[in-house]
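**Q** Pasting a structure here, questions to come.
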Amino acid sequence: VMAAAVGPTGVAQAGNTAMFGTSANVNVLPPPLTATGVAQLRFGVLAGGDVAGTVVITVDNQRFATGGTDLLGGGSNGPAVFALTGQPNSSYSIRIAGPVLVRRDNNTKPESGVTSLEAINFTALSTTLGATGTIGQIATDGTDTLFVGATLLVPVSAISGYYRGEIELSVAYE
């Protein structure tokens, strides 16, 4: 996006000659900062227990459980992945709205018990910076990859089924 303004300035001189000059002002804005979802945040297959617990997915694709939650095989797990494009060598801020409500899929048979879980403690990793935090960096080629992990709270009364939620990610130039 570009904005330009040109305005004439004139200097009159004696005789038949007049000299005019112009000035130009241009404001060149950086390209838009965009984030495209590449992979969903996946907590994998798990089993609740007699005690509440958690499942943690880290930005470097590690998964572990605490409390009464057991990790089971099958399915896939891993952090959410976003591909970013923008102005090369620019810093950007990262904001992830949370907590996120993760609801049981409506296509499964209704039962009594908890039908929504909560995802909290989101973390983000900018591969260009190589560090977690709330700031990322667009690389010299105009791209970055952002990994997002979180903690899923699993209450005792959670019923079996497939659960879904949406992460609200905001990025803005610093």
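**Q** Just to confirm a number: summing +1 for Lys and Arg and -1 for Asp and Glu over residues other than residue 94 whose beta-carbon lies under 13 angstrom from that of residue 94, what do you get? Before the final figure, lay out each step's value.
**A** On the way: positive: 95; negative: 144, 168, 174.
Cβ neighbours under 13 Å give a net charge of -2.
**Q** Return the carbon/sulfur percentage of the accessible area of the chain, one whole number, probe 1.4 Å, all protein chains in place. Working shown, then result.
**A** Details: 5510 of 10330 Å².
That fraction is 53 percent.
**Q** Provide Rg over Rh for segment 58-174; use the alpha carbon set for both Rg and the Kirkwood Rh (inverse mean inverse pair distance).
**A** Values: Rg = 16.7 Å, Rh = 15.8 Å.
With Rh from the inverse mean 1/r over Cα pairs, Rg/Rh is 1.05.
**Q** Using a Förster distance of 35 angstrom, determine the FRET efficiency expected from the C-beta separation of residue 60 and residue 24, and round it to 0.05. It would help to have the intermediate numbers written out before the result.
**A** Numbers: r = 49 Å, r/R0 = 1.41.
Plugging the Cβ-Cβ distance into 1/(1 + (r/R0)^6) gives 0.10.
**Q** Using the Cβ atoms and a cut-off under 15 Å, what net charge is assigned to the surroundings of residue 59, where Lys and Arg are +1 and Asp and Glu are -1? Walk me through the numbers on the way to the answer.
**A** Values: positive: 42, 63; negative: 60, 144.
Summing Lys and Arg as +1 and Asp and Glu as -1 gives 0.
The values are calculated or read from the model by the stated rules, or taken from the named source; none is laboratory data. All values derive from a computational prediction rather than experimental measurement. In this analysis, Cβ positions are derived from the backbone assuming ideal geometry, glycine residues included, and neighbour counts consider all displayed protein chains. Ligands, DNA and RNA are excluded from the accessible area calculation, which covers all protein heavy atoms including side chains. Shrake-Rupley method; radii C 1.70, N 1.55, O 1.52, S 1.80 Å.
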